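**Q** The structure's right below; bear with me while I get my questions together.
The values are calculated or read from the model by the stated rules, or taken from the named source; none is laboratory data. Predicted model, so just to flag it, every value in this text is computed and none were measured. As a convention, Cβ positions derive from the backbone with ideal geometry for all residues, glycine included, and neighbour counts pool all protein chains shown. To get the accessible areas, we keep the full protein, side chains included, count just its heavy atoms, and leave off ligands, DNA and RNA. Shrake-Rupley method; radii C 1.70, N 1.55, O 1.52, S 1.80 Å.
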Amino acid sequence: ELAAQLPPGATLYVFARTVEGGGLPVAVKRLPVPEFPHTLTLSDADGLMPAQRLSQQAQVNLMARISRSGDAAAATGDFEAEPLRVDVRPGQRATLVINRVHP
């Protein structure tokens, strides 16, 4: 249902934050909204800060948001998934479902 409401130019962000939260994500992907379901991989190459890498974390909070404006910051009306805590290990898989609207 939400897919039918996507405006042209919407952007998908998938990101991993430290369990403590706050600060920049340890990894992030920014993509034009793809067909769903969509599979992607986050790695150290997707990091924003060399001193805080995804591979250095035992666990992260994995999140996904579709930004109507294309901006990385959450805004009212953006679509998002419930955050999911996952272990960081080679081959780890997780499924995020974008099924709610940001207030």
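**Q** Cα-based Rg (one decimal) and Dmax (whole number) for the stretch 4-103, in Å?
**A** Spelled out, the Cα radius of gyration and Dmax of the stretch 4-103 are 13.2, 40 Å.
**Q** Could you state how much accessible area Phe79 has, in square angstrom rounded to the nearest 10, with a 1.4 Å probe and all protein chains kept in place?
**A** Per-residue accessible area (Phe79): approximately 10 Å².
**Q** Place a label point 7 angstrom from the Cα of Leu2 along the Cα-to-Cβ direction, then list the residues of the stretch 73-89 whose backbone nitrogen is under 19 Å away.
**A** Within reach of a label on Leu2: 73-86.
**Q** Please report, for the Cα atoms of the stretch 33-79, the Rg to one decimal and the Dmax as a whole number; what are they, in angstrom?
**A** 13.2, 34
**Q** How large, in percent, is the carbon and sulfur part of the accessible surface of the chain at a probe radius of 1.4 Å?
**A** About 53 percent, which is the carbon plus sulfur part of the accessible surface.
**Q** Roughly how many nanometres apart are two label points built 7 Å out from the Cα toward the Cβ at Thr76 and His38?
**A** Simple spin-label model gives 2.6 nm for this pair.
**Q** Can you compute the modelled spin-label distance between Gln92 and Gln52, with each label point 7 Å from Cα toward Cβ, in nm?
**A** Simple spin-label model gives 1.6 nm for this pair.
**Q** Using a 1.4 angstrom probe on the protein heavy atoms only, could you order Glu20, Glu82 from most to least accessible area?
**A** Largest accessible area first, the list is Glu20, Glu82.
**Q** At a probe radius of 1.4 Å, what is the per-residue accessible area of His102, in Å² to the nearest 10?
**A** 50 Å²
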